[in-house]
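The values are calculated or read from the model by the stated rules, or taken from the named source; none is laboratory data. Every value quoted in this text rests on a predicted model; they were computed, and no experiment measured them. Reconstructed Cβ throughout: ideal geometry from the backbone, glycine too, with neighbour counts over all protein chains shown.
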Amino acid sequence: MSRSARAVAHSNIALAKYWGKADVERNLPAVPSLSLTLDALSTTTSVELDAALESDEAQLDDHAVAGRPLARIIQLLDRVRARAGLETRARVVSHNDFPTAAGLASSASGFAALALAATRAAGLETAPEEVSALARASSASAARSVYGGFASLGAGAEAAERVASPDHFPLAMLVAVTATGPKAVGSTDGMQHTAGTSPYYAAWVEHAPQLYDEVRRAVLARDLEALGAAAEQSALMMHACMLAARPAVVYFSPVTLSVMERVRALRQSGTSAFYTMDAGPHVKVLTALGAATSVAAALFDVPGVGRVIRCAPGPDAHLVDVEGAAP
Ligand code: PMV
């Protein structure tokens, strides 16, 4: 007896950043965040519950997953099984349509796709907020990838919420890939280390909600200038807080700084473009959809930029197919 479900979820980039946990055990965020879901970066995951399996197994881009990444997948599957009253083990097969090894955020789309596929394979008709809460328990940013367009996750919140649909604001997000190879410090370790040692962490937690409000208002008002200014400050404040940790958590590379400089130069010459950086060296540049081609060319021209991935607001996480009888 087996039953499987396949789901697609898109990655998201926070315009108001999440960094730090209010509750480490339950993985609840310390600050509110708001993100844009991206159409060009997605993960497709199938979960097959198979009575013949003795343990859970997982593959990502044709390689077996082991160690801590596998343990995180099993933790999510266990939550789903507990809810559905099942014991059956699962075979998880996942593909990213972007290079995981380049250190681009894959946990957001990955855990959102896994949460949706696992609940449906288990025969649960969970509402989007429950899928979001399941994804959030594994990776808080994944809670936001359940929704397309713009999504928010409140401080201490269990699940993300939709802020605006993908067609609300015609934006482009250009991902300037500045390096290859996985990131040096994972987000969970980076956050814990920052919270424990950075004297700026308390200031970050105090000021982040204000920036979140600004970002939210600017998204709703479709105001690119206000959105870009608040998003840049949110990213820089988060990184400043990490830089003040002991030892410092530094995700920037020399190419990161060169791309930031290029974005500032574009602005000086009258193009509305704004940068944001996450737990890696890549730079994501927000601009109007109509300016995307020329801004992408300017970013690709920066020495060290290997690739520019052009994204527009993406859709909700969705099911592709379900096979087999309900368990
Ligand atoms: O949810 P995690 O553990 O992947 O952390 C995400 C942290 C940032 O990407 C840096 C910010 C964010 O809000 O996505």
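See the values below:
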read-out	value
So Ala115, is it part of a helix (DSSP H, G or I) and within 11 Å of the ligand (Cβ to nearest atom)	no
Test set (1) surrounded by fewer than 16 Cβ atoms within 10 Å (Cβ to Cβ); (2) within 12 Å of the ligand (Cβ to nearest atom); (3) closer than 14 Å to Pro32 by Cα - Gln192 fails condition number	(3)
Residues of region 54-70 classified as within 13 Å of Leu114 (Cβ to Cβ) and free of Cβ contacts under 8 Å to residues at least 40 places away in the same chain, total	6
Meets criteria (closer than 23 Å to Ala142 by Cβ and in the same structural domain as Pro281 (by TED's automatic domain parsing)) for His207	no
Candidate set from region 1-31 (those that are aliphatic (A, V, I, L, M) and over 22 Å from Pro315 (Cβ atoms)); member that is nearest to the ligand (Cβ to nearest atom)	Val31
Residues located in region 261-286, provided they are closer than 13 Å to Pro303 by Cα and in contact with a Leu (Cβ under 9 Å, 6 or more places away or on another chain)	Arg262
Qualifying residue in region 118-126 (condition: touching a residue at least 40 places away in the same chain (Cβ under 8 Å), in the same structural domain as Leu49 (by TED's automatic domain parsing), within 17 Å of Thr37 (Cα to Cα) and out of contact with any Pro (no Cβ under 7 Å at 6 or more places or on another chain))	no
Count of region 26-40 residues which are closer than 15 Å to Ser139 by Cβ and either buried (at least 21 other Cβ atoms within 10 Å of the Cβ) or free of Cβ contacts under 8 Å to residues at least 24 places away in the same chain (or both)	4
Top-ranked residue in region 237-254 [being of a type outside the set (Gly, Ala, Ser) and farther than 21 Å from Pro209 by Cβ; ranked as surrounded by the most Cβ atoms within 10 Å (Cβ to Cβ)]	Val249
